[in-house]
1. How many residues does region 11-44 hold that are open to solvent by less than 20 Å² (accessible area, probe 1.4 Å) and of a type in the set (Val, Ile, Thr)?
2. I'd like the residue in region 90-103 that is within 18 Å of the chain's Cα centre (by Cα) and not hydrophobic (A, V, I, L, M, F, W, C) and, out of all such residues, is farthest from PRO70 (Cα to Cα).
3. How many residues are at pLDDT 95 or above, crowded, with 16+ Cβ neighbours inside 10 Å and of a type in the set (S, T, N, Q) if we restrict to region 129-155?
4. Within region 47-57, can one find any residue that is in contact with a Gly (Cβ under 9 Å, 6 or more places away or on another chain) and open to solvent by less than 10 Å² (accessible area, probe 1.4 Å)?
5. Give me a count of the residues in region 2-39 that are outside any loop (DSSP other than H, G, I, E, B) and either in contact with a strand residue (DSSP E or B) (Cβ under 6 Å, 6 or more places away or on another chain) or among the charged types (D, E, K, R) (or both).
6. From the list LEU187, LEU132, exactly one residue is closer than 15 Å to PHE34 by Cα and among the hydrophobic types (A, V, I, L, M, F, W, C). Which is it?
7. Taking region 41-59 only, how many residues are within 14 Å of the chain's Cα centre (by Cα) and outside any helix (DSSP H, G or I)?
8. Does any residue of region 109-116 turn out to be farther than 18 Å from ILE204 by Cβ and either charged (D, E, K, R) or touching a His at 6+ places or on another chain (Cβ under 8 Å) (or both)?
Amino acid sequence: MWIEQPPVLYRMLFPEGIWRIINRKYRKTVYLTFDDGPIPEVTPWVLDTLDKFGVKATFFCVGENVAHNPDLFHEICLRGHSVGNHSYNHIQGIKCSANNYVENVIKADTLINSPLYRPPHGLMTYKQSRMLKKHFNIIMYDVVTRDYSSKLNGQQVFENLKKYTRPGSIIVFHDSLKAEANLRYALPLSIEWLKNNDYRFDVIHQM
């Protein structure tokens, strides 16, 4: 559970972060998010799947992938989804200085141009978090499906979503090669299950 649904003590390490969003108009709202794209092998399938179900999501994009796939990034926006910054090359905050970390994020922002930021691996230092808060809304997560894990299969990823999702959950999937097999299995089932349980979907805007 430490990974799938971060405990209160972990959330307290990053008080600037937004972990869950309670929609006052419709409490059973969830926020699907996709990290690490865009890539041509996976992201188009994700977009088509979301279109099939009439669902909008938020894509936290890696700047380097945007630079390599600008048309695909624009397609995400054209289809009505929200986008966020996931650093330029998936940098780990705890492995570099605060200034270098922020410079990396700003470099990605020249391509992504979003007020939303999610730290790779959900990790950064307190100083990095404080510096980034001046420029971005830091979006964390309430449910990590762990679709990227080679130790889980698609059904287990789906079970993670069912077990931990609650009203206001920010849910993390990955449009990446590492997650592809589990994602292709779990995403359609997850959307169907959420709809059947009266959840609605929304995108994350500037908070």
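The values are calculated or read from the model by the stated rules, or taken from the named source; none is laboratory data. Given the structure is predicted, the values throughout are model-derived calculations rather than measurements. Cβ sites come from the backbone with ideal geometry, for glycine too, and all protein chains shown count toward neighbours. The area values use the complete protein model at the heavy-atom level, side chains included, leaving out ligands, DNA and RNA. Shrake-Rupley method; radii C 1.70, N 1.55, O 1.52, S 1.80 Å.
1. Summing the residues that are open to solvent by less than 20 Å² (accessible area, probe 1.4 Å) and of a type in the set (Val, Ile, Thr) in region 11-44 gives 5.
2. At the first step, the residues of region 90-103 found to be within 18 Å of the chain's Cα centre (by Cα) are 90-93.
Then drop every residue that is not not hydrophobic (A, V, I, L, M, F, W, C), which leaves 90, 92-93.
Values: HIS90: 17, GLN92: 24, GLY93: 25 Å.
For region 90-103, the residue satisfying everything is GLY93.
3. 3
4. Taking region 47-57 as the starting set, the residues that turn out to be in contact with a Gly (Cβ under 9 Å, 6 or more places away or on another chain) are 56.
With open to solvent by less than 10 Å² (accessible area, probe 1.4 Å) added as a condition, the list becomes none.
The answer is no; no qualifying residue exists.
5. If we filter region 2-39 for residues that are outside any loop (DSSP other than H, G, I, E, B), which is where we start, we get 8-12, 18, 20, 29-35.
Now narrow it down to the ones that are either in contact with a strand residue (DSSP E or B) (Cβ under 6 Å, 6 or more places away or on another chain) or among the charged types (D, E, K, R) (or both): 11, 18, 20, 29-35.
Selection size over region 2-39: 10.
6. Numbers: LEU132 fails: closer than 15 Å to PHE34 by Cα.
After ruling out the rest, the residue left standing is LEU187.
7. Keep residues of region 41-59 that are within 14 Å of the chain's Cα centre (by Cα), which gives 43, 46, 56-59.
Pick out the ones that are also outside any helix (DSSP H, G or I) and you get 56-59.
Residues that pass the stated criteria total 4.
8. No, region 109-116 contains no residue that is farther than 18 Å from ILE204 by Cβ and either charged (D, E, K, R) or touching a His at 6+ places or on another chain (Cβ under 8 Å) (or both).
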